[in-house]
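Notes to accompany the following structure.
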Amino acid sequence: MIFYENMEAKEILKSFYGYDSFRDNQAEIIAKILQKQDCLVLMPTGGGKSICYQIPAMMMPGTAVIISPLISLMKDQVEALKSNGIEAAALNSGNDFNMDTIVRRKCLDGSLKLLYISPEKLLTEIPFLLKQITISLFAIDEAHCISQWGHDFRPEYTQLDVLHREFPDVPIMALTATADKITRQDIIRQLQLKNPQIFISSFDRPNLSLTVKRGYSGKEKDNYILNFIKARPLESGIVYCLSRKTTEKVCKFLNSKGVRSAVYHAGLTQQERDKSQLDFQRDDVQVVCATIAFGMGIDKSNVRWVIHYNMPKSIESYYQEIGRAGRDGAPADTVLFYSLADVVQLSQFAKDSGQKDINFDKLRQMQNYAESNVCRRRILLNYFGEQRDHDCNNCDVCENPPQRFDGTKYIQMALSAVKRTDEQIRTATIVEILKGIASPTVKRKAYDQLKTFGVGRDLSTNDWQDYLLQMLQMGFIEIAYDQGNVVKITESGNDVLFGRKQAELCVIDHTVKETSKPKRRLHLEIPAISIPGLPTSSGVEDKRLFEALRDLRHQCAEEEGFPAYIVFSDKVLHSLATIKPTTIDAFGFIQGIGEYKKQKYGQRFVALIRRFV
């Protein structure tokens, strides 16, 4: 057994995690838990939440109990801890009797520092195992699940108020990546936290590029995604879709083009979902096409991109999903597609939900983000209460500000079609009238006799849908969701229709093909450093060495049955390919390589680096 309890927090950070300094708020959170004070921790995905409870767990007598919602997430965390030489285990329905017995014995003899457990299992174990052991702290991961306002509501989480009743002297840490003010208050109330210290870290993820593509057809999306992936042949990514059917369609298309892909949604069996997730974690497939059912159980640090095939229902969902890219801090790309059809479908979902007003408000915020003509990162950060006085220069708006033109004529055409049909038609019929398409609806209602029939045939269907979406966002039209989704003209729309005002539209981006190379990314900062026994690094990465290091990492992972990113993150490999340490001691100076991994892997990696140097 390794004894940690006499070590300082910073000493543990360096020895077991390989980092010289804590990130924002980590040291303060650890100090509060060591003082046995309850904490609510909001930290973005990849921001280092787990260190906040893992380090105090190692320093305090007894076992820390980590409540986690998914077996796969527990498995990931336990494997990562063990790979760093830290004693951890999970107690869940995935264990057999012998494994459960071993875990219980380790808890009872005090040799297990971190015990991961599901909320269901926790409730059944309170009168038995948990009452027999010394518990150092409770950490509740994905704590937004406890709130009725949380977007992943889970009934078992609502019973966790039992913790303070049964264990009044044990501190509780609630952790989540996204929670607005209402959700934060609800978490505190439901858990009955005692005067909790609330820590809100910066939500900025500067390594993520942010791009939005509006009004693409399904075929155009597929082609864009294919070219995007071909430009990143070795990089893992996720394609999020709104429906199960779409995930299967996109997956089938990518596989037909030679891109190793898997599908993941709630309609699959548990065995099928587990296989897809494991194949993705171990890099046996490059892409997973998934609904929002996928992600909470993923701790894969080398996801290099996330694409949203459809617009998400809220900024919280969107932010959490793009947060699965670039968890290691290295550059990563995100792309969001959205269309008028997405807005209509999601609005219907909101209308049919049990929280209509709240969900409509969240959807409007998401639309405003997607439609924005100002820096997207500033909008995201502002949503989470974090203001910035400068643009990010790593989003599509900053890099390519949209062009505008006087769109009054087109807006008047569309509004005229709506007015002449007594505001009783949907968006699809508006396009049919403008394009001069004699569809069954148009013929049956005699809309082909209208003066506006065919006046907009010079524009494509996709362009008209895009302009209608812009008109919706600018408030010229609204959709009556309680009247079968028909379009109504607003007061400001009437001002344009009758010539009292003019209005601009954004020029539509018709670019579909991704260039042969990935877009410019933020430079991964690996400063020139001086390591004993090694010349000062030039700061230039050897791309061939990086690929060789990635192959060696994969080989080590295969031998141990771990996903490759648990051996070393992409960021560590980039550092090795840049700094090129040629001794074991120099190898240990790399950020992210602790003493345990230095001894375990140093010889093999240094031997490879020497061959290149």
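The values are calculated or read from the model by the stated rules, or taken from the named source; none is laboratory data. Keep in mind it's a predicted model, so treat the numbers as computed, not measured. Counting neighbours? That spans all protein chains shown, and the Cβs are built from the backbone with ideal geometry, glycine included. The accessibility values were calculated without ligands, DNA or RNA, using every heavy atom of the protein model including side chains. Shrake-Rupley method; radii C 1.70, N 1.55, O 1.52, S 1.80 Å.
Note on the range 417-438: residues that are open to solvent by less than 60 Å² (accessible area, probe 1.4 Å), in contact (Cβ under 8 Å) with a residue 24 or more places away in the chain and more than 17 Å from Phe476 (Cβ to Cβ) total 1.
Tyr318: crowded, with 23+ Cβ neighbours inside 10 Å, more than 15 Å from the chain's Cα centre (by Cα) and aromatic (Phe, Trp, Tyr), yes or no? No; evaluated as a whole, the condition is false for this residue.
For the range 184-206, a residue qualifies if it is open to solvent by 60 Å² or more (accessible area, probe 1.4 Å) and touching a residue at least 60 places away in the same chain (Cβ under 8 Å), and the qualifying residues are Lys194, Asn195, Gln197, Ile198, Ile200, Pro206.
With respect to the conditions (1) open to solvent by 50 Å² or more (accessible area, probe 1.4 Å); (2) at pLDDT 90 or above; (3) not aromatic (Phe, Trp, Tyr), Ser530 lacks only one, and its number is (2).
Scanning the range 593-613 for residues that are of a type in the set (Lys, Arg) and within 27 Å of Glu87 (Cα to Cα) yields a count of 4. Condition test on Leu469, is it surrounded by 15 or more Cβ atoms within 10 Å (Cβ to Cβ), among the aliphatic types (A, V, I, L, M) and modelled with pLDDT under 95? Answer is yes for this residue.
Selection over the range 474-490 of residues that are buried (at least 17 other Cβ atoms within 10 Å of the Cβ) and touching a residue at least 40 places away in the same chain (Cβ under 8 Å) gives a count of 7. Of the residues making up the range 351-388, those that are of a type in the set (A, V, I, L, M), assigned to a helix (DSSP H, G or I) and free of Cβ contacts under 8 Å to residues at least 60 places away in the same chain number 3.
For every residue, the table says whether it meets (1) in a helix (DSSP H, G or I); (2) within 25 Å of the chain's Cα centre (by Cα); (3) free of Cβ contacts under 8 Å to residues at least 40 places away in the same chain.
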{"residue": "Ala27", "(1), (2), (3)": "yes, yes, yes"}
{"residue": "Ile51", "(1), (2), (3)": "yes, yes, yes"}
{"residue": "Ile55", "(1), (2), (3)": "yes, yes, no"}
{"residue": "Met58", "(1), (2), (3)": "yes, no, no"}
{"residue": "Ile66", "(1), (2), (3)": "no, yes, no"}
{"residue": "Ala80", "(1), (2), (3)": "yes, yes, no"}
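Restricting Gly475, Gly454 to those that are more than 43 Å from the chain's Cα centre (by Cα) and not in a helix (DSSP H, G or I) reduces the list to Gly454. Scanning the range 259-318 for residues that are among the small types (Gly, Ala, Ser), in a strand (DSSP E or B) and in contact (Cβ under 8 Å) with a residue 60 or more places away in the chain turns up nothing. Do we find that Arg105 is surrounded by fewer than 23 Cβ atoms within 10 Å (Cβ to Cβ) and modelled with pLDDT of 85 or more in this structure? It is true that Arg105 is surrounded by fewer than 23 Cβ atoms within 10 Å (Cβ to Cβ) and modelled with pLDDT of 85 or more. Taken residue by residue, the range 271-293 has no member that is at pLDDT 85 or above, open to solvent by 30 Å² or more (accessible area, probe 1.4 Å) and within 23 Å of Ser339 (Cβ to Cβ). Here Ser111, Ser209 are screened, and the one residue that is among the hydroxyl-bearing types (Ser, Thr, Tyr), open to solvent by less than 40 Å² (accessible area, probe 1.4 Å) and either in a strand (DSSP E or B) or under 19 Å from Gly47 (Cβ atoms) (or both) is Ser209. Of the set (1) within 26 Å of Gly218 (Cβ to Cβ); (2) of a type in the set (Ser, Thr, Tyr); (3) open to solvent by 10 Å² or more (accessible area, probe 1.4 Å), all apply to Thr334 but (3). Candidates are the residues of the range 212-221 that are open to solvent by 40 Å² or more (accessible area, probe 1.4 Å) and outside any strand (DSSP E or B); the one that is farthest from Leu336 (Cα to Cα) is Lys219. Here Tyr224 fulfils each of the conditions (1) without any contact (Cβ under 8 Å) to a residue 60 or more places away in the chain; (2) of a type in the set (Phe, Trp, Tyr); (3) surrounded by fewer than 20 Cβ atoms within 10 Å (Cβ to Cβ) apart from (1).
Inspect the range 24-39 for any residue being at pLDDT below 90, closer than 18 Å to Lys571 by Cβ and buried (at least 21 other Cβ atoms within 10 Å of the Cβ) and give the result as yes or no. No. Of the numbered criteria (1) part of a loop (DSSP other than H, G, I, E, B); (2) under 20 Å from Ser72 (Cα atoms); (3) out of contact with any helix residue (DSSP H, G or I) (no Cβ under 7 Å at 6 or more places or on another chain), the one Asp100 fails is (1). Of all the residues that make up the range 580-613, how many are of a type in the set (A, V, I, L, M, F, W, C), assigned to a loop (DSSP other than H, G, I, E, B) and open to solvent by less than 10 Å² (accessible area, probe 1.4 Å)? Final tally of qualifying residues: 2. With respect to the conditions (1) among the hydroxyl-bearing types (Ser, Thr, Tyr); (2) over 20 Å from the mean Cα position of the chain (by Cα); (3) crowded, with 16+ Cβ neighbours inside 10 Å, Ser256 lacks only one, and its number is (3).
The set of residues in the range 9-21 being touching a residue at least 24 places away in the same chain (Cβ under 8 Å), assigned to a loop (DSSP other than H, G, I, E, B) and either more than 21 Å from Ile566 (Cβ to Cβ) or open to solvent by 10 Å² or more (accessible area, probe 1.4 Å) (or both) consists of Tyr19, Asp20. Can you find a residue in the range 563-579 that is part of a loop (DSSP other than H, G, I, E, B) and in contact (Cβ under 8 Å) with a residue 40 or more places away in the chain? Yes, that holds for at least one residue. Scanning the range 389-405 finds no residues that are part of a helix (DSSP H, G or I), among the aromatic types (Phe, Trp, Tyr) and either touching a helix residue (DSSP H, G or I) at 6+ places or on another chain (Cβ under 9 Å) or open to solvent by less than 90 Å² (accessible area, probe 1.4 Å) (or both). Do the conditions hold for Asp204, that is, is it in a loop (DSSP other than H, G, I, E, B) and of a type in the set (D, E, K, R)? Considered against the rule, which asks whether it is in a loop (DSSP other than H, G, I, E, B) and of a type in the set (D, E, K, R), Asp204 comes out as yes.
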